[in-house]
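Below is one structure; the comments refer to it alone.
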């Protein structure tokens, strides 16, 4: 019996896809940077079936690549000749507990679905990013996804209270508790979160929920410089009791590119060197966050730290300000030759980093253009360069990482490592850390069949 | 050369303590439950010295027990015949960054020192618990300590951005970054946090800081039942934008014991079945949290959900309300025969748990008394039983854990596992999780010399 036959025995014929046509949708990343031909796609419908598939793969030494919504950017689901394990059918919300404010969802539940479900109960699942209409629980846990409101709610790891996962030999690891304090041995939950399917396959998770906002205030600000923007962030944090949900930095170059590709979203004032999309939220009945924000901005305007300020006065205006930010992917991936990255810096080093990169890029490729968009509230910069020659991509990519690490930053903030950042891992990650990671990988996946060729150099 | 001689070569004579007299202070836990005679106490003054000591211990197969402020409760520093590694001399604050709002502190820095340093910069290091005047960075990281304001700021893990640690063979693991987003391979930081010195020795860490509060409102409330208290918690969270810093549950039995042992701290009203010490904080200049809290409580009083309410009107009154809560250890450890525990439940199951335990305790030992104090905001209950016969301690301890686990809870919330909870780990922790932990332990500490006999059954 072939492995395909044995998979069909486990899952039924309908849930084992083979052949170029049936597996076509699983053979590429949406950016178009990675293409592959999988051996087959297995679509288990339960944790028990995931366990049986992994056991079979481990026995036969078949590489397995887990896949959720396939919205990644770094080749994390590249699966040439591998068995792809789609978690899409594990799409049950197992429990919604509005009193304890937790939700238990399987790996195939779509982020947007979770967000809508929480909203129906006057609660919020905070995680939000561009691909939320497709991204699934298993995927955003595997990369420890971030997004636009990390400044208030933290990354995925901060939202996850417990996981269920299947080890490579089919054993089920049950850490599915919805507790805020739980110290019972080593933190295997956080070891699996962010490991991109290389240590085990997460099948379900418990998340914490937050109270839903009763109102927002959203503004677009022009400012002179980043140190001033950081001071404003701290001031608005203190002045609102930590209610800042987004503090997004769009430099003039971003606004210019936006005006070119999306004139409908052009900056309503002549862009300043620093433009900030700021949102605060309130959960307080009767509170007026707009008035509060206006008061806070008034002082900054008088002091000349803020030179332009537009406050959204309707939900439509608020949506438009968000669209300016959310158009980032659309206006970034416009040409075939680009170097897109995902660095993070200590909050006080962004300015220095961007000045350094501006200089470095000109040195490497005087004709290259750059595009910057940043979650300033959490130090995460998406720095994109458009080289004039493909041969310059590698040195540019290396410089982007090198300068971040020099300033105490990271070359991989929220998109995961996948394939594309493996050379950077080799160059910049602490070698002792890499050695420990390899030890753990070898201990948990001795045959190396779980998402091979990802994360570790 | 003996190992003692070699240690003296590395550290100098003054920093290697031997003999009953010199090591006496290191030979017991403060509760008096554990006593031991260490081989010696090594007091390295730098990460490099920690590395040399560990390398020597690993080569010679000498067990090593790291120790900080020695404020633990579960025998985590029990070190019969072992080399104790005191981190107290690693007491430098390496960097305080008020712009990025991070602090980098070595393992021997005392929690209270960190809190005071942050306060000098108008910032706050949130972690707070009874032993903060002695507890050190390395210790509270090793147990992933909790405390009274986890409801707002999370446990130690949520406050730590990066660590530096020494592996058993002396290699230094440098993960000392102050980043809010960093996904560069497996989360070794969180693997070490909470591992109680059994995988590596943490020598320094970067922590995030929060804005300092400009004002507090603190109240003591009498309420009928726990479901009502949970509703009030959610209401105050929404009504203050998440400003609840403490929501501590002191049942009538606690108040009665408090009145007996500390009449100066007796409850100012006839205790209700549920008494809550509630504190909210504000960072908003000019904000009046007292007025806000009064308004929120007014509705609950009218609705009869809150039957008694006392609002602190001075800092002295506020301190007194906190002392009622902080006297917990003092009024708990009053007699030699007791079973003190540290469970946590999903927020909506505390009521059911306490009712079940009340019945179970009476079944096992009809004459036993119980004492309950709980961080209601995070589900953490310190349930203490006073058996009439030592032989009943074990079945009582077993029941406390068993009933917590049955309701989706944990038998170890914030005090760590140490020695005392190892049998409970064996009985209740997911066996697959235990197997994975043992695999990781064997991979990182092949000779098993790091804090042997702790955490894992």
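Listed here are the strands (runs of 3 or more DSSP E) enclosed by segment A:1-120 that have at least 3 residues being at pLDDT 95 or above and crowded, with 17+ Cβ neighbours inside 10 Å: A:40-42, A:64-67, A:83-86, A:102-106.
The set of residues from segment A:152-191 being in a helix (DSSP H, G or I) and either facing chain B (nearest Cβ under 8 Å) or free of Cβ contacts under 8 Å to residues at least 40 places away in the same chain (or both) comprises A:156, A:157, A:158, A:188, A:189, A:190, A:191.
The combined condition, being closer than 30 Å to residue B:89 by Cα, in a loop (DSSP other than H, G, I, E, B) and not assigned by TED's automatic domain parsing to the domain that holds residue B:51, is fulfilled by residue B:198. Determine whether residue B:241 is crowded, with 20+ Cβ neighbours inside 10 Å and free of Cβ contacts under 8 Å to residues at least 12 places away in the same chain. Yes: the conditions hold for residue B:241. Within segment B:325-344, one or more residues are closer than 25 Å to residue B:239 by Cα and assigned by TED's automatic domain parsing to the domain that holds residue B:242. Only a single criterion out of (1) farther than 28 Å from residue A:385 by Cα; (2) in contact (Cβ under 8 Å) with a residue 12 or more places away in the chain is not satisfied by residue A:315, namely (2).
Within segment A:271-286, if we keep just the residues that are in contact with a helix residue (DSSP H, G or I) (Cβ under 9 Å, 6 or more places away or on another chain) and surrounded by fewer than 19 Cβ atoms within 10 Å (Cβ to Cβ), the residue that is nearest to the other protein chains (Cβ to nearest Cβ) turns out to be A:285. Could you tell me whether residue B:359 is under 28 Å from residue A:178 (Cα atoms) and within 14 Å of another protein chain (Cβ to nearest Cβ)? No. Among the residues making up segment A:382-401, a single one is over 15 Å from residue A:332 (Cβ atoms) and within 14 Å of chain B (Cβ to nearest Cβ): A:401. Within this structure, residue B:236 fails the test of being modelled with pLDDT of 95 or more, within 7 Å of chain A (Cβ to nearest Cβ), crowded, with 19+ Cβ neighbours inside 10 Å and on the phi < 0 side of the Ramachandran plot. Which of the residues belonging to segment B:243-259 are at pLDDT 95 or above and farther than 26 Å from residue B:314 by Cβ? Passing the criteria: B:251, B:252, B:256, B:257. Tell me, please, whether a residue that is touching a residue at least 12 places away in the same chain (Cβ under 8 Å), within 10 Å of chain B (Cβ to nearest Cβ) and in contact with a strand residue (DSSP E or B) (Cβ under 8 Å, 6 or more places away or on another chain) can be found in segment A:413-433. Within segment A:413-433, one or more residues are touching a residue at least 12 places away in the same chain (Cβ under 8 Å), within 10 Å of chain B (Cβ to nearest Cβ) and in contact with a strand residue (DSSP E or B) (Cβ under 8 Å, 6 or more places away or on another chain).
The number of residues in segment B:121-151 that are more than 10 Å from chain A (Cβ to nearest Cβ) and in a loop (DSSP other than H, G, I, E, B) comes to 14.
The values are calculated or read from the model by the stated rules, or taken from the named source; none is laboratory data. Since we're looking at a predicted model, the values are computed, not measured. As a convention, Cβ positions derive from the backbone with ideal geometry for all residues, glycine included, and neighbour counts pool all protein chains shown.
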